[in-house]
Structure formats: C-alpha cells, structure tokens
Amino acid sequence: MYASREDIGYDFGEDSKVGSKPAKRNPNIDGGWAWMIVFSSFLVHILIMGSQMALGILNMEWLEEFNQSRGLTAWVSSLSMGITLIVGPFIGLFISMCGCRMTAIIGGVLNALGWILSAYASNVHYLFLTFGVTAGIGSGMVYLPAVVMVGQYFQKRRALAQGLSTTGTGFGTFLMTALLKYLCSEFGWRNAMFIQGAISLNLCVCGALMRPLPPKDLREKYVVRSDSEENRAKAQSHSTETIKSNGVLGEEPEKKEEAANEEVPVSVQHAEIGGKSGSGRSMYGLRLFKTVSQLTVTVRKGFALWYSSYFGAASLFTNRVFVAFIIWALFAYSSFVIPFIHLPEIVKQYNLSRQDNVFPLTSIIAIVHIFGKVILGIVSDLPCISTWNVFLMANFTLVTCILTLPLMQTYVGLAVVCALIGFSSGYFSLMPVVTEDLVGTKHLANAYGIIICANGISALFGPPFAGWIYDITQKYDFSFYIAGLLYMVGIIFLLIQPCIQMKQPREKPTEEAQV
C-alpha cells in the first residue's frame with residue numbers, strides 16, 4: 001500500500017494553498033494527542049540516546065575482551081552515535097515518502113537486530129558492522145521522526161515540549177548505565193546486548209504512537225507562523241538584497257514544484273483508463289497496477305520535496321545563519337560525547353572507582369541534564385527571553401566546563417564539573433526550536449536532519465580522536481583541550497553571522513491568530 005499525505009504529514013504543492021476561511025483548529029495541536037507524542041519521543045530518547053550515552057560500560061568490556069587499542073575500540077561507540085545522526089538527511093527522504101510512523105517502526109526492528117547480532121561478535125570489526133552500522137541506522141530512523149513529530153504537534157510551547165521529550169536522554173543515561181552494569185556483571189556483556197536488543201523492540205510501539213496530523217492542520221500551523229514572521233519582517237528596514245543573502249526561501253520554486261507535481265496524477269489517471277479499457281486484464285492486475293502507480297506518485301512527490309530542500313532553488317544552504325549553525329554542530333557534539341565514553345577510564349586512572357561505583361559521574365551528568373533541559377525550555381518560552389541568547393549562554397558554559405575538566409583530579413571536583421556539563425548541555429532541547437525559527441515548520445524535518453548529521457560527524461570522530469591522543473600521550477588532558485578549542489571555534493561562527501532571521505524575543509501567537 002502507498003502512503004497517503006495524511007500518513008506523511010507534509011505539504012505537497014496544492015496543499016500550500018489556503019482558503020479564505022480557515023477551518024476549525026485541531027484540538028490535538030498543543031494538547032490532546034500531542035502529549036502522547038511527547039511521551040513517545042521521551043521513550044525514544046531513553047531507548048536510543050540513553051543507551052548510547054551508557055556505552056562507556058560496554059567499551060570497557062570490549063577493551064578486555066578483544067585487547068585492542070583504545071582508539072580502535074572507541075570506533076564502535078562512535079560509529080553507533082555518529083551514524084544515528086549522520087543518516088538524518090536520508091531519513092528525511094524516508095519520512096517524505098512513507099511518513100514518520102512507518103519510518104520509526106522499521107527503524108525499531110533494525111535497531112533491535114543490530115543489538116542482537118552484536119551479541120555474537122568475534123572481534124571489534126564485527127561490531128563495526130552490526131552495532132555501529134546496523135543499530136546506528138535503525139536508531140536514526142526512529143530518532144528523527146520522534147523530534148519532527150513534536151515540532152508538528154506544538155506551536156505555543158515548542159521549547160517546553162521538546163525539553164520534556166528530550167529529558168529522556170538524561171533518564172535513559174541514568175537507567176541504562178545501571179542496567180548495563182547489572183546485566184554485564186550478572187550475565188556477561190554478550191547476553192546483556194541480547195537482552196538490550198529485546199528491550200529495543202519497544203521502539204516499534206513508540207513509532208506506532210506517532211499518529212500523523214491531517215494536512216490541513218499542518219498547513220494552518222505553518223500559515224499562522226508565516227503571518228507572524230511577515231509582521232516582524234515589515235518592522236525591519238532591510239533591503240531585498242539583504243534578505244535574499246540571508247536565505248529567505250522564495251515562492252516561485254514552490255509554484256514550479258506544484259506544477260510539476262500536478263502533472264503526475266494526470267499520467268496515472270490516463271494509465272488507469274487504459275487499464276480499465278483492456279478487456280483481457282483481471283481485477284487483480286488492475287489493482288496491482290493502481291497500487292504501483294500510486295506508490296510511484298508518492299515516491300516522486302517525496303523525492304521532489306526532499307531534493308528541493310537540499311539541492312533545489314530554495315536550498316536551505318542559502319541561509320547564512322543556518323550554515324553557521326551547521327559549522328557549529330560539526331565541532332560541538334564531540335565535546336559532549338567524549339566524557340561519556342572515556343570518563344569510566346579516567347575514573348579508573350585516578351583511583352576513584354570506589355566513589356564512582358556509589359554514584360557514577362555519568363549518572364550525575366544525566367540527572368542534572370534532565371533539569372537543564374526542562375529549565376532552559378521554560379526560560380526560552382518566556383515572552384521577554386530570546387531563545388537564541390539562552391542557547392549561546394549554555395554553549396559558553398559547556399565549553400568552559402570541557403576545558404576545566406582535565407584540571408580536576410578529585411571526585412568532588414569532577415562531580416561539580418560534570419553537574420555543570422549536564423545542566424548546560426540542556427540546550428539540546430532548544431536545537432529543534434532554533435532550527436525551526438531559522439527555516440520554518442515546513443522545512444524542519446530536512447533542516448534538523450542536516451543539523452543532526454553534522455552532530456553525527458562530530459560524534460563519529462570525537463571519541464576515537466580522544467582515544468588516539470591517549471595512546472600517544474597516555475593522558476586524556478589534551479583530548480579535552482583540543483575538543484574545547486574546536487568547540488569555541490564553532491561558537492565564534494555563530495557570533496560573527498548576522499542573526500536577522502532569529503526571533504529575539506520570539507513572539508507567542510495570540511488566540512485570535514490561532515482561531
């Protein structure tokens with residue numbers, strides 16, 4: 001069966017036309033089923049991001065089992081984390097064609113398969129394929145839909161909704177660290193991965209909860225946000241050339257795409273008429289032909305939307321602030337990932353294992369990370385506060401902690417720095433909001449896919465680089481210093497770019513505008 005536009009939840013050409021009388025607002029936007037979407041996304045973050053942040057436990061098991069260097073062994077964890085995020089733009093194509101729900105269910109099966117196959121690994125290179133690639137792709141197919149669906153269902157409190165859903169990363173890190181420690185000590189790491197694979201099948205249930213919004217509700221949500229953006233644009237005295245240089249998407253490419261898409265159903269109708277006129281064809285053949293034709297239309301429309309967002313005339317890359325955002329993402333995420341992978345080894349070197357067993361440092365990051373996401377989300381939703389400024393302040397705090405962490409060699413000092421890392425890294429809940437403010441709701445899936453792809457590249461090379469530096473210097477200090485300096489370079493890119501398109505402060509829609 002083909003996926004209808006209701007299943008896909010995206011606008012195609014003719015859906016962008018709005019009638020003079022808007023329909024009644026869907027009660028599920030900002031309420032009702034929207035909170036089930038938040039709950040589904042929360043569970044996804046527990047099962048995917050939480051499990052990945054707890055991979056430091058398995059990393060120590062793999063070091064003992066396979067006797068490989070720290071740099072090589074770290075590639076297993078970094079491949080899983082990196083590929084989960086790198087495949088974001090390509091998962092956007094899947095979402096455009098078959099919808100968030102189906103994409104997430106398929107990803108859940110693939111993720112569970114990767115965990116189960118990894119239980120039979122005979123060497124590190126086997127884990128590269130099963131855990132790094134297979135489980136990583138499956139995780140990416142669930143993660144992006146979970147973020148996109150929250151953005152579609154919420155309008156007034158997007159930052160808070162994203163903050164609540166992404167707190168699953170902190171809960172998951174705390175729970176999965178304790179679970180993997182227990183499973184590895186009781187059953188061994190192989191059986192632990194097998195059991196974790198069975199638990200990961202719950203991702204299919206999370207995907208099933210991602211009920212798509214009707215196209216008209218997505219269209220109304222987009223129009224309300226577009227109207228508020230136009231009002232703010234009128235208040236700004238910028239020339240047309242300046243606006244074009246900052247990547248405002250034009251209307252003509254959409255009209256061309258609409259005309260191209262309208263030609264597709266006509267050809268299908270002619271094909272169906274020819275099929276019906278053929279006297280020798282059975283009903284089964286006609287239905288099969290109709291299904292294939294409809295599937296072809298869906299694939300062509302989905303690919304056209306995906307292609308136009310990345311490579312078309314309305315490319316997201318014409319937005320200079322968004323490009324600076326991508327450069328920042330290339331350096332930022334590794335600074336957050338490196339402590340989770342290598343902190344267990346650092347604790348062991350400092351002879352702090354006894355204190356860490358009572359309350360692991362990674363658990364401190366995870367617990368405070370929960371409060372950081374919620375608090376930063378609430379603060380960013382205040383009318384007098386700029387989401388962009390909150391985002392930048394959290395980044396400055398995090399990079400300072402990364403540069404300070406090697407100086408701490410006591411458990412109390414490390415715990416304080418880890419707590420600050422956990423709180424400041426709560427800005428992750430603001431990333432979808434900042435992205436949507438830059439490119440709009442219509443392009444959120446593809447734009448956020450690019451951002452998490454850049455984060456994936458950062459996560460892919462960060463932990464192996466830190467392990468490689470350790471193999472040379474026998475210390476992790478230089479790994480944190482270099483990662484912090486690269487992170488600072490990314491923040492500088494954000495500061496030097498004009499922030500015309502950012503909402504400072506972001507206006508809340510009025511009740512009259514919603515109705």
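The values are calculated or read from the model by the stated rules, or taken from the named source; none is laboratory data. Only a predicted model underlies this, so the values are computations on that prediction, with no experimental measurement involved. So basically every Cβ, Gly included, is an ideal-geometry build from the backbone, and we count neighbours across all protein chains shown. With ligands, DNA and RNA removed, areas are computed over all heavy atoms of the protein, side chains included. Shrake-Rupley method; radii C 1.70, N 1.55, O 1.52, S 1.80 Å.
Quick notes on this one:
- Members of region 409-430 found to be modelled with pLDDT of 85 or more and either outside any helix (DSSP H, G or I) or within 24 Å of Phe90 (Cβ to Cβ) (or both), listed by number: Thr410
Listed here are the residues, each with its yes/no results for (1) surrounded by 22 or more Cβ atoms within 10 Å (Cβ to Cβ); (2) under 30 Å from Asn389 (Cα atoms); (3) in the same structural domain as Ile83 (by the TED database); (4) modelled with pLDDT of 90 or more.
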{"position": "Ser122", "(1), (2), (3), (4)": "no, no, yes, no"}
{"position": "Leu129", "(1), (2), (3), (4)": "no, no, yes, yes"}
{"position": "Val133", "(1), (2), (3), (4)": "no, no, yes, yes"}
{"position": "Ile137", "(1), (2), (3), (4)": "no, no, yes, yes"}
{"position": "Leu175", "(1), (2), (3), (4)": "no, no, yes, no"}
{"position": "Leu179", "(1), (2), (3), (4)": "no, no, yes, yes"}
{"position": "Glu186", "(1), (2), (3), (4)": "no, no, yes, yes"}
{"position": "Arg190", "(1), (2), (3), (4)": "no, no, yes, yes"}
{"position": "Glu220", "(1), (2), (3), (4)": "no, yes, no, no"}
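- Test: residue in region 152-167 that is open to solvent by 50 Å² or more (accessible area, probe 1.4 Å), touching a helix residue (DSSP H, G or I) at 6+ places or on another chain (Cβ under 9 Å), in a helix (DSSP H, G or I) and within 10 Å of Val38 (Cα to Cα): yes
- All conditions but one from (1) closer than 24 Å to Ser78 by Cβ; (2) out of contact with any Gly (no Cβ under 6 Å at 6 or more places or on another chain) apply to Leu164; the one that does not is (1).
- With respect to the conditions (1) at pLDDT below 75; (2) touching a Lys or Arg at 6+ places or on another chain (Cβ under 7 Å); (3) among the charged types (D, E, K, R); (4) farther than 29 Å from Phe317 by Cα, Asp471 falls short on a single one, namely (1).
- Taken over region 403-448, residues that are hydroxyl-bearing (Ser, Thr, Tyr), under 18 Å from the mean Cα position of the chain (by Cα) and more than 16 Å from Gly372 (Cα to Cα) amount to 3.
- Taking the listed residues Val379, Val399, Val434, the one that is open to solvent by 20 Å² or more (accessible area, probe 1.4 Å) and either without any contact (Cβ under 8 Å) to a residue 40 or more places away in the chain or part of a helix (DSSP H, G or I) (or both) is Val379, with no other qualifying.
- So Gly188, is it part of a helix (DSSP H, G or I) and closer than 30 Å to Gly32 by Cβ: no
- When residues in region 412-455 are screened for being at positive phi and aromatic (Phe, Trp, Tyr), 0 of them pass.
- Meets criteria (modelled with pLDDT of 90 or more, polar (S, T, N, Q) and out of contact with any strand residue (DSSP E or B) (no Cβ under 6 Å at 6 or more places or on another chain)) for Thr435: no
- Residue within region 351-360 that is part of a helix (DSSP H, G or I), β-branched (Val, Ile, Thr) and more than 23 Å from Ala161 (Cα to Cα) present: yes
- Qualifying residue in region 482-493 (condition: open to solvent by 60 Å² or more (accessible area, probe 1.4 Å), outside any helix (DSSP H, G or I) and not assigned by the TED database to the domain that holds Ile91): no
- Residues located in region 364-395, provided they are more than 23 Å from Gly50 (Cβ to Cβ), more than 20 Å from the chain's Cα centre (by Cα) and modelled with pLDDT of 85 or more: Val379, Asn389, Met393
- Selection from region 281-322 of residues that are open to solvent by less than 50 Å² (accessible area, probe 1.4 Å), at pLDDT 75 or above and under 17 Å from Ile451 (Cα atoms): Asn319, Val321, Phe322
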